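Please treat every number below as a calculation from the coordinates, not as lab data. Quantities reported herein were computed from a predicted structural model and do not represent experimental measurements. Please note: Cβ atoms are built from the backbone with ideal geometry, for glycine as well, and neighbour counts cover all protein chains shown.
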Amino acid sequence: MKHKANIQTKAVHGGARRDDIFGAINEPIYMTSNYRIPTDGTPVDWSGIHSNIYARNRNVNQMVLQDKLCALTGAEDCAVFASGVAALAGVFIPFLNSGDHAVVSEVCYSATNLLFRKYLPEKYHVEVSFVDTTDTEAVKAAVRPNTKLIHVETPGNPTTGISDISAIADIAHAAHALLSVDATFAGPVCIFPLELGADLEIHSMTKYINGHGDSLGGCVLGRTELLEQVKEMAMVNFGGILSPFNAWLITRGLITLPLRMKQHSAVALAVAEFLEQSPAVRFVWYPGLKSHPQHERAAKMMNGQYSGMISFDINGDETAHQQFLNALKLVTHAVSLGDVESLIVYYDQTSDKLVHYPAIYRKGFFRFSVGLEDAEDLIDDLQQAFAASRLV
């Protein structure tokens, strides 16, 4: 090809392998835990990551998925795990030692929050500073001589806050620290952290990458020298390997990711604009809205697609919130995100997490994962739920 392939072509053909035995176009599922070991005297590294010996070390479907993710993102290397949380731990544990310091997004996924507030400090004596990473100066001020990692979540879960990855990369590298970015809320299509200077990019593949709500998985992308450390410790020796079947499912989902993200983003923008104008709504944050606190930053970083994640709240008491949830017909009350169908989850004002969020969130709010439905149908569903809970 004379020109650089576009992202949809990369999603279809990037990293693709072909079955050489039977000529299958789609990669088969290699449901085996063991592979034949060479008997010709070839040196074998029993715990190595560069040959097929045992499925915990490496398996074919895992390799196919890793290659495709690298083609899509431009990463040198990739490691895939059994869940997004396994991928997160696969970054934090290899690169943080006792006495090291980490700077972490104050607004972050609940497992990340627990790892840095409890397990890493208590069990491994890692020092942690939680800061509002949408405030670049706050990140810079938090850096210490022993800072080894800055971990940013952008867009932030669940508030959709946008951190300046390029500026924070400069801060991290000036301190001889690594920058890891959890970009699950955007998927590897709406934002490219590695191109913006991040050292490691993390996704819960359960969400947008798979996209169909039928498989768990996580991934870490970055330079080979870093990924080899991640694979050897977290994959081989902690055993967080992704199964061949789940790798195959996620690879199948990944092929349609660019198409899905266009629809997620377009529908979410229309829904967010409706919510912004509704008298039933107390506030709405969506990076594609000009009213979002970091909209200009998002516009520069997110390639014109702002993903499908919205946070908002309604003008009502707890009863009204429950009535609203009960009245929804197309939108399902569930905790995950990035599925083909729209999902919503309610953070009530008694949640202990709210203290770490911007003040506007502390009365409670909804995290809304907009699916692939027609925007008009979703808006009709929201409108009738507002009416049923007597908000309009």
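Rounded to the nearest 500, what is the 222 nm mean residue ellipticity of the chain from helices alone, with -39500 (n - 2.57) per DSSP H run of 4+ residues and division by all residues?
That comes out to -10000 deg cm²/dmol.
Show me, bin by bin at 10 Å from 0, the whole-percent P(r) of the stretch 257-388 based on Cα pairs.
Per 10 Å bin, starting at 0, the Cα pair percentages come out as 13, 45, 35, 7, 0.
For the chain, what does the relative contact order come out to in percent, with C-alpha contacts under 8 Å and a separation of six or more? It would help to have the intermediate numbers written out before the result.
Working: 794 pairs, mean separation 63.8, N = 392.
Over the chain, the number comes to 16 percent.
Tell me, what is a quarter of the convex hull surface for the C-alpha atoms of the stretch 5-98, in nm² with one decimal?
8.7
Using amide H atoms built in the peptide plane, which far-off residues or other-chain residues are under 5 Å from residue 182 H to H?
Here the answer is 152, 153, 154, 202, since their amide H atoms fall under 5 Å of that of residue 182.
Name the most mobile residue of 259, 72, 194, meaning the one with the largest mean-square fluctuation, in a Gaussian network model of the chain with Cα contacts below 10 Å.
Top of the fluctuation ranking is 259.
Using unit Cβ charges (K, R positive; D, E negative) and no other charged atoms, how large, in debye to the nearest 20, is the dipole of the stretch 216-277 about its Cα centre? Kindly include the intermediate steps, with their values, before the conclusion.
Working: 5 positive and 5 negative charges, 50 e Å.
Using Cβ point charges on Lys, Arg, Asp and Glu, the stretch 216-277 gives about 240 debye.
Helix check for the chain. Which DSSP H runs span at least 27 Å along their own axis by Cα, with a mean Kyte-Doolittle hydropathy no less than -0.5?
Going by DSSP H runs, the hits are 257-277.
Show me the three semi-axes of the equivalent ellipsoid for the stretch 7-254, from the C-alpha gyration tensor (sqrt of 5 times each eigenvalue), largest first, rounded to whole Å.
Semi-axes (√(5λ), whole Å): 32, 20, 15.
For the stretch 336-386, just the Cα atoms, rotate onto the principal axes and tell me the three extents in Å, largest first.
35, 23, 15
Distance from the Cα centre of the stretch 150-211 to that of the stretch 10-72, in angstrom?
28
Amide H neighbours of residue 341 under 5 Å, counting only residues 5+ apart in sequence or on other chains, H built in-plane at 1.01 Å?
HN-HN under 5 Å from residue 341: 372.
Grab the Cα-Cα distance for residue 212 and residue 167, subtract it from 0.36 nm times how many residues apart they are, and report the gain in nm with one decimal. The partial results should precede the final answer.
Working: separation 45, 0.36 × 45 = 16.20 nm, distance 3.42 nm.
Extra length available between residue 212 and residue 167 comes to 12.8 nm.
Residue 281's amide H: which non-local residues (gap 5+, or another chain) put their own amide H closer than 5 Å, with H modeled 1.01 Å from N in plane and none for Pro or chain starts?
For residue 281, whose amide H was placed from the backbone, the distant partners under 5 Å are 315.
If you take the beta carbon distance between residue 334 and residue 45 as r and set R0 to 35 Å, what does 1/(1 + (r/R0)^6) give as a FRET efficiency, to the nearest 0.05?
The formula returns an efficiency of 0.20 here.
Please list, or write none, the aspartates and glutamates whose alpha carbon is within less than 15 Å of the alpha carbon of residue 231, excluding same-chain residues fewer than 8 places away.
Partners found: 45, 67, 76, 77, 201.
Could you grab the relative contact order for the stretch 1-146? Cα pairs under 8 Å, six or more apart, rounded to a whole percent.
Relative contact order of the stretch 1-146: 17 percent.
Where q = 0.15, 0.17, 0.25, 0.26 Å⁻¹, what log10 of I(q)/I(0) comes from the Debye formula for the stretch 60-110, counting one point per Cα?
Scattering profile of the stretch 60-110, log10 relative to I(0): -0.58, -0.71, -1.04, -1.06.
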